[in-house]
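Chemist: This is the structure, below, for whatever I ask next.
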Amino acid sequence: MHRFNVIFIAALAAGQAALWSQPPSHLADAAKISANLVSFYEVPLACPAARGLGCGSAAKPVLQALEKRSSIQEAWLDHPGTTLAIVWRKDAKSDSRAAEIQSVADDRGIALHEITGERRDDTLKTFASRKGWYRGSEVDRLSEEEAGVIVDRLLRRSVAKEPTIGSKADSLKPALLKVIRERLTGCSSTQCREDCHRKFTEIARQSLNDGEFSALMEAEKQGYLPVGDEQ
């Protein structure tokens, strides 16, 4: 059991370190952008299944819709999913800025609150390096991190009922991660989600004995969200 917990901690630490890194090109891009062309907004795009993490599947269509607007050059979400950064085009007028971002917010049913004053200055400093910030094409990485959190949670639940699953975690986790990641990043239909559930079930059945299988499927039936004091 102790070895199983160590595996989880090491895997999560490694995953977070990789996901927070950004390509060097972002640093060059940051140097070219004037501070007066950047606005920040509070947004409700945190992931309900993973505390402290932005929801890639919810954020992706929002960021992509924003970048289609004529006055917006770039749209970014921070790692916790609570702050949106907008880089405006140089020729964007102040009235068109407000109208276009509010239009997208209304279309997507999200609330936006602009960040101003000292808090904006502090946010601008963290945004300068782009470390821990993601554009629409990159937020699948948040979903991949979310998948890891979900799989760890499901395995912890099942291990609590059938401790022998712990010894099979190393071989079982990569296959489960693939399925959950596919569901989070590639599913837009009920059929796709049902197919992912079927794959999840097949993996569990092939890898576990009857008692272990029942424990994992019961864990999955509880859902992906944390229950009680789960992390």
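Chemist: Can you compute the equivalent ellipsoid semi-axes for region 62-159, i.e. the square root of 5 times each eigenvalue of the Cα gyration tensor, sorted largest first and rounded to whole Å?
Modeler: The answer is 30, 16, 12 Å, longest axis first.
Chemist: Going by a 4.7 Å Cβ-Cβ cut-off, which cysteines of the chain have no partner at all?
Modeler: Lacking a cysteine Cβ partner under 4.7 Å: 196.
Chemist: Taking the 0 to 90 degree range and rounding to the nearest ten, how far is the long axis of helix 140-161 tilted relative to the main principal axis of the chain, both from C-alpha atoms?
Modeler: 30
Chemist: In degrees, nearest 10, range 0 to 90: what is the angle between the Cα axis of helix 210-221 and the longest Cα principal axis of the chain?
Modeler: For helix 210-221, the angle is close to 30 degrees.
Chemist: In debye, nearest 20: dipole of the chain around its Cα centre with unit charges on the Cβ of K, R (+) and D, E (-)?
Modeler: Details: 32 positive and 32 negative charges, 70 e Å.
It works out to roughly 340 debye.
Chemist: Continuing with this model, one more query. Rounded to the nearest 20 Debye, what is the dipole magnitude of region 117-228 about its Cα centre when Lys and Arg each give +1 and Asp and Glu each give -1 at the C-beta?
Modeler: Dipole magnitude for region 117-228 comes out near 200 debye.
Chemist: Between residue 93 and residue 122, what is the label-point separation in nm under the 7 Å Cα-to-beta-carbon projection?
Modeler: For the pair residue 122/residue 93, the computed spacing is 3.6 nm.
Chemist: Give or take rounding to whole Å, what are the principal axis extents of the alpha carbon atoms in region 124-217, in descending order?
Modeler: Computed over region 124-217, the largest-to-smallest principal extents equal 53, 30, 17 Å.
Chemist: A further question on this structure: Between region 67-99 and region 184-231, what's the alpha-carbon centroid distance in Å?
Modeler: Cα centroid of region 67-99 versus Cα centroid of region 184-231: 37 Å apart.
Chemist: In debye, nearest 20, what is the charge dipole magnitude of region 190-231 about its Cα centre with +1 on Lys and Arg Cβ and -1 on Asp and Glu Cβ, if you could check?
Modeler: 200
Chemist: Another question, if that's okay. Quick one: helix 94-108 against the long Cα principal axis of the chain, what's the angle to the nearest 10°, folded into 0 to 90?
Modeler: Once rounded, the angle reads 20 degrees.
Chemist: Would you work out what percent of the accessible area of region 69-171, with all protein chains in place, is carbon or sulfur (probe 1.4 Å)?
Modeler: Looking at region 69-171 in its full context, I get 47 percent from C and S.
Chemist: Work out how much length residue 229 to residue 33 would gain on full extension: take 0.36 nm times their residue separation and subtract the Cα-Cα distance, in nm to one decimal.
Modeler: My answer for the length gained is 66.3 nm.
Chemist: Probe of 1.4 angstrom, ligands and nucleic acids ignored: what's the accessible area per residue over the chain, in square angstrom?
Modeler: Ligands and nucleic acids excluded, the figure is 51 Å² per residue.
The values are calculated or read from the model by the stated rules, or taken from the named source; none is laboratory data. Just so we're clear, the structure is a prediction, and the values are computed from it rather than from any experiment. Virtual Cβ from ideal backbone geometry, glycine too; neighbours counted across all protein chains shown. Side chains are part of the model used for accessible areas, which takes the heavy atoms of the whole protein and leaves out ligands, DNA and RNA. Shrake-Rupley method; radii C 1.70, N 1.55, O 1.52, S 1.80 Å.
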